[in-house]
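See structure below.
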Number of protein chains: 4
Amino acid sequence: MKLEEKTIDYKKVLTTIYHNVVSEENKGAIATYIPELAKVDADNFGVCLLTMNNEQFGVGNWQTKFSIQSISKVLSLSLAYQIFGDEIWKRVDVEPSGTPFNSLVQLESDFGIPRNPFMNSGAMVICDMLVSHYENPKEDFLAAVRELCKSSDISYSEAVAKSEASVGYRNKALCNFIKSFGNIKNEPEEVLGFYFHMCSIEMSCQELSQVFMYLANPNFTTSTGDNVLNLSKTKRINAIMQTCGFYDESGEFSFRVGLPGKSGVGGGIVAVYPGKYCIAAWSPKLNEKGNSYRGMKFLEAFTTETEESIF
Amino acid sequence: MKLEEKTIDYKKVLTTIYHNVVSEENKGAIATYIPELAKVDADNFGVCLLTMNNEQFGVGNWQTKFSIQSISKVLSLSLAYQIFGDEIWKRVDVEPSGTPFNSLVQLESDFGIPRNPFMNSGAMVICDMLVSHYENPKEDFLAAVRELCKSSDISYSEAVAKSEASVGYRNKALCNFIKSFGNIKNEPEEVLGFYFHMCSIEMSCQELSQVFMYLANPNFTTSTGDNVLNLSKTKRINAIMQTCGFYDESGEFSFRVGLPGKSGVGGGIVAVYPGKYCIAAWSPKLNEKGNSYRGMKFLEAFTTETEESIF
Amino acid sequence: MKLEEKTIDYKKVLTTIYHNVVSEENKGAIATYIPELAKVDADNFGVCLLTMNNEQFGVGNWQTKFSIQSISKVLSLSLAYQIFGDEIWKRVDVEPSGTPFNSLVQLESDFGIPRNPFMNSGAMVICDMLVSHYENPKEDFLAAVRELCKSSDISYSEAVAKSEASVGYRNKALCNFIKSFGNIKNEPEEVLGFYFHMCSIEMSCQELSQVFMYLANPNFTTSTGDNVLNLSKTKRINAIMQTCGFYDESGEFSFRVGLPGKSGVGGGIVAVYPGKYCIAAWSPKLNEKGNSYRGMKFLEAFTTETEESIF
Amino acid sequence: MKLEEKTIDYKKVLTTIYHNVVSEENKGAIATYIPELAKVDADNFGVCLLTMNNEQFGVGNWQTKFSIQSISKVLSLSLAYQIFGDEIWKRVDVEPSGTPFNSLVQLESDFGIPRNPFMNSGAMVICDMLVSHYENPKEDFLAAVRELCKSSDISYSEAVAKSEASVGYRNKALCNFIKSFGNIKNEPEEVLGFYFHMCSIEMSCQELSQVFMYLANPNFTTSTGDNVLNLSKTKRINAIMQTCGFYDESGEFSFRVGLPGKSGVGGGIVAVYPGKYCIAAWSPKLNEKGNSYRGMKFLEAFTTETEESIF
């Protein structure tokens, strides 16, 4: 909430908070349920801020690639929204769930309609739409993401995708469960194959801040000169991130950080201040709710210090 | 999401949308579970906008008083936050619930800690705190609200409070249930008496837009020259309204309107654009989720037309 | 499961098992949520068996009175069944619940129809029927119980009833919750007053085995020469005890003991072998599910040793 | 509940009730979710009673084979109990669930431990044990069932197994879900393959009454002269059928029929009176809870008419 613009020295603020956070204990635990993810060094910690004026500030391991995991769900949702428009809301809702990201409970009472596109179930329904639409789902999706980033140096990690597939029984359960309600159109194996690949995309904080700029900058265009989404659709994606982006800690993130954002179990977080900037943070240790411990801490300090939040 | 300020003719926008909405069918149904509320004229419809520059624009029945019901929960929360600070979060959480406003289900698995202060359960816990703090809870609370509005012309409706008490078995169940977990300190009868009165407060859209200005204007002060809440606390109240203000339609409101806000079963809605304005709408017919049909419609059109939303 | 009758020396079996159980550690904990109940001596342990041939065998504290608590729900159910017939099943179901005795969760999805008459919720609906029927509910109910026992020496404990009323917030929540669905016809206060008294009835194992003989002996008649329930209704009460008599340990009791029965948090258990006998056991320490630790142990050993079970 | 033995003319009772039931409307609907099952003639209706004295009475289509479906779960449970003893209760509970047969909800809060072995989830855990134990699960299981029936004329229906596998997304979800908790040891595909075959076994009412005699007759031996289960284990299987044999209609069956039994979506029902008889009924149309409409009706009339029930 701000009345008059003040000039913030972002570089200084980033550096100061970074050192404060680093000087404190690095709590939490790395996600180990995907064996391949468990191999990452727990002390990695990077942040990158990209402003509307195209100024970029990085600190720590901001150029190291990591598994973006659920952050990719914002990309698939945006592409599906671009392709299918408001039709997608017939198959997935936009309400916070009040339950963990991989819960099956509500699906049963909601007859296979996921509460929102950022729960695993909702993301699978979105993946199912893309699988139906794309000729070569994996290749076409990756091409679209590279286009957003204006970089061809973005890829899936086959090792991570394979690792997750080998232990992803709960996701298999979810996908088959939704299929039993008819809300998955393709075969679960195919949808899951795409889903596990999507989650395995690797990016650095630098790349994430570039890719997600389309949610912060209404003038953002791809190389073809087109918007990714119009203003109204962009607003809606941001609104869903605000209410549903952090699983059952979405209220807490909104409360403490006050920006729309999305986290992944790889320890990444992206947040946007519409009209101002996009910021990405990464630190692999997660709190109890599955969100980056240091990432949350950094972002709370950042919006508190700058007194910039959408609220 | 806006890059450069444009001048909006609020009066014209309000009037145009008002007539558009009025020209369409007035769907939904008045809340009848409180007998006294059922007596209101379903065709009432008013809106009032108050800007940071203290410009006020009203249309329709914007000066008619109505029962603000759950909108009052923002006032009690703000006062409790002012009095007790972050202690209050030990007894109530800030997460969206994914369930209806009067659900008892989650309370059982959450051991009596309500998901957020805008569910009935959470509001009762907040009321319990105020009952413990105030010498004369009803009188002192009303005085504080009048101070916010800078008007002594605000009162409880004894008829509505009595009417709700006579049929409020579910609220009695909720209060006794929380008490059984030890998260209500006073006797349920006393807490409920205060709660029913609080919900019975009557205001017009004009008054609501004035009362809630403390959430939009960081320079807002009461007659004593004090802020109601500091910037950080204000931001947090707005964040909770964003994620939890519309029961299990909070995601939908965020998605369609894109502002923090709060609704009541009397048909009122208040929304704020931090740093810009406060807006109040009222129309008694409710949609299936219990939020004003025309109020929702008006506000969606308003933020779409002005292209102003926090996202 | 028996092919040919064998003669069992009940006295010897009872005595042997009694001493075996007493020689082992007395695990569990006395129910303390009702302050008055917490005063009982934890080492009390008594059993009484009454056969069809009217032979009675007692051991330990079999003539000491204790609070029968939920065991009384079988009596109120039987009387309501006698008075209203199958009408009662419109307001309460006969299915095991899979949840604790005082859970509110299912009531919400079942719209106020309790799963069975032995959950607190179901017993309250039955109490509501009796309150509507009797001129003086407390007096008339007690008279009916005394008639079953053919003894006037049975009474409420006003101290226990008062003690439970003073802390029974969860039961108040349940009763108001059902009332909110319209499945309680009288005022909750009145129904709860009757319910708390009913649960406070005090009996000894000796008296319990006499009172419940109407479920074991098809020729049982009261002093007026009438059956309590006809054969079909008796069978049904026994069936409900079998599937629902021990809260969410009903399956376990059925599995281990193999008789229809009912427990109370005072530590009492009654079980019947239709056509053979009625047995009552009492020991105040409860296992985690709220059933008498020694009572369960005794009865399992008893049906194992005698090789008598209905299965 | 009976005092003195009376001679019942079973043939006459069976015939009379059969004609009564046939003369009334055949309500309900055939299970169509397994395409192959939908092909059966809805008017089939047969009953077979086998007494301890080895008298057999059949009526209607009592010698026509049909898909026994979930009735097979009693056979797999009995064999697993025989092989592993009480170890099996570490992986599956014995409590009624209060939820439909294929619900995933409780599994989530129970961390993958199914409530009882007759829910699909519980049966899958039992199947997993047998898959681990048998060298050739399908062949060895079938051999064991043939041994119980003393007939080699019992087989799987490959068409039904294949049909169910092709649409069994919910069962795939269940199996993967339990696997995610670690309570399935083999690969879900293998367990499901066995499970679908097990459910596809075809028998007539005549064969069912023979196969299940081991639960009614304590002297039952296989061709090797061995008991299937000892008296204690038999009692326990019967107890679980009583409390859990009819999904969320188990209480209703217990209430109306008063015998331990098990139903299948093929329209079959088996019930036993320990020490007296085994009875099998079959009619494909199911009531809302998934149990044979005419089968339930017949058995209720049968125990009412004969005044024989374990209660």
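The values are calculated or read from the model by the stated rules, or taken from the named source; none is laboratory data. Given the structure is predicted, the values throughout are model-derived calculations rather than measurements. Please note: Cβ atoms are built from the backbone with ideal geometry, for glycine as well, and neighbour counts cover all protein chains shown. Heavy atoms of the whole protein, side chains included, go into the accessibility calculation; ligands, DNA and RNA do not. Shrake-Rupley method; radii C 1.70, N 1.55, O 1.52, S 1.80 Å.
The figures follow:
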| quantity | calculated |
| --- | --- |
| Neighbour cut-off at most 15 other Cβ (10 Å), DSSP loop, trypsin sites (Lys or Arg not before Pro), the range B:163-245 | B:Lys185 |
| Estimated translational D of the range B:69-129 in µm²/s (Stokes, Kirkwood radius over Cα pairs; 25 °C; 0.890 mPa s) | 214 |
| Semi-axis lengths, Å, the range C:157-222, gyration tensor of Cα atoms, sqrt of 5 times eigenvalues | 30, 17, 8 |
| The range A:227-287: Rg to Rh, with Rh as the Kirkwood radius over Cα pairs | 0.98 |
| Loop chymotrypsin sites (Phe, Trp or Tyr not before Pro), the range D:100-140, which have at most 10 other Cβ atoms in a 10 Å radius of their Cβ (DSSP) | D:Phe111 |
| Positive-end residue of C:Val125, C:Asn54, C:Leu192, charge dipole of the range C:10-306 with Cβ unit charges | C:Asn54 |
| 0 to 90° range, to nearest 10: angle between helix D:137-149 axis and chain D longest Cα axis | 20 |
| Charge dipole (debye, nearest 20) of the range B:10-306; +1 at Cβ of Lys and Arg, -1 at Cβ of Asp and Glu | 460 |
| Cβ charges +1 (Lys, Arg) and -1 (Asp, Glu), total dipole of the protein assembly as shown, debye | 0 |
| Pair-distance profile P(r), taking every C-alpha pair of the protein assembly as shown, with 20 angstrom steps and integer % | 11, 34, 34, 18, 3 |
| GNM result for chain C, Cα springs below 10 Å: residue of C:Thr99, C:Thr16, C:Thr51 fluctuating most strongly | C:Thr16 |
| Descending Cα extents along the principal axes, the range D:132-246, whole Å | 41, 30, 30 |
| Folded to 0 to 90 degrees: helix A:72-84 orientation relative to chain A principal axis, Cα | 60 |
| Spatially proximal aspartates and glutamates relative to B:Lys172 (Cα-Cα < 13 Å; intrachain offsets below 8 disregarded) | B:Glu164, B:Glu187, B:Glu189, B:Glu190, C:Glu187, C:Glu189 |
| Tail beyond 29 Å, pair distance distribution of the range A:153-311 (Cα, percent) | 26 |
| Rg/Rg_ref, the range B:259-311, where Rg_ref = 2.2 N^0.38 Å and atoms are Cα | 1.09 |
| Copy-to-copy label separations for B:Ile8, where each label sits 7 Å from Cα toward Cβ, in nm and ascending | 2.3, 7.9, 8.1 |
| Average other protein chain Cβ within 10 Å of Cβ, residues B:231-243 | 6 |
| Expected 222 nm ellipticity per residue - DSSP helices of 4 or more, -39500 (n - 2.57), all of the protein assembly as shown, to 500 | -13000 deg cm²/dmol |
| Helix A:10-23 axis, angle to chain A major axis (alpha carbon atoms, nearest 10°) | 80 |
| Accessible surface of the protein assembly as shown, 1.4 Å probe, proportion on carbon and sulfur as whole % | 47 |
| Along each principal axis, Cα extent of the range B:51-164, largest first, Å | 45, 36, 33 |
| Relative packing of peptides B:53-62, C:194-203, A:56-65 - highest average C-beta neighbours within 10 Å first | C:194-203, A:56-65, B:53-62 |
| Area buried, chain B against chain A - accessible surface, total, 1.4 angstrom probe, square angstrom | 3500 |
| Positive-end residue, chain D charge dipole about Cα centroid, Cβ charges, pick of D:Thr303, D:Leu104, D:Val167 | D:Thr303 |
| Surface per residue (accessible, 1.4 Å probe) for the protein assembly as shown, Å² | 34 |
| Within 10 Å of each Cβ in D:165-175, the average number of Cβ atoms from other chains | 5 |
| At 0.890 mPa s and 25 °C, Stokes diffusion of the range D:1-79 via Kirkwood alpha-carbon radius, µm² per second | 158 |
| Pairs from A:Lys11/A:Lys235; C:Lys262/D:Lys297; A:Lys276/A:Lys297; A:Lys289/B:Lys73; A:Lys233/A:Lys297 whose Cα-Cα separation, in the structure shown, is over 24 Å | A:Lys11/A:Lys235; C:Lys262/D:Lys297; A:Lys289/B:Lys73; A:Lys233/A:Lys297 |
| Calculated diffusion of chain D, Stokes-Einstein form, Kirkwood radius summed over Cα pairs, 37 °C and 0.692 mPa s, µm²/s | 170 |
| Shielding score for C:107-113, defined as the mean number of other chain Cβ atoms within 10 Å | 2 |
